[in-house]
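Have a look at the structure below, then the notes.
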Amino acid sequence: MTDVVGLCSMCGRPGAMFTCQLCGRLVCERCFDHRHYICSECEHLKKHSDSPSFPMD
Ligand SMILES: [Zn+2]
Ligand SMILES: [Zn+2]
């Protein structure tokens, strides 16, 4: 098993990490939207705007 484990960029909890397809940050499954493969923060932003463009950090 080579599960990617680290600290979530959103909540700071250790666990399996998923990479957001929009911002590229690593977040845990609790902070990850598996439907869109984006983090909960990007999902939140999408709800306010359907624009695919986000300001690069
Ligand atoms: Zn998290
Ligand atoms: Zn994101």
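The numbers here are math on the coordinates, done by the rules we state, and not lab data. Since this is a predicted model, take the numbers as computed values, not measurements. Every residue, glycine as well, gets a Cβ built from its backbone with ideal geometry; the counts of neighbours run over all protein chains shown.
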All other residues with a Cβ under 15 Å from the Cβ of S40 taken together, and with Lys, Arg as +1 and Asp, Glu as -1, what is their net charge? +2
What distance in nm lies between label points placed 7 Å from Cα along the C-beta direction at V5 and R35? 3.1
P(r), alpha carbons of region 5-47 - 5 Å bins starting at zero, rounded %: 6, 31, 36, 19, 6, 1
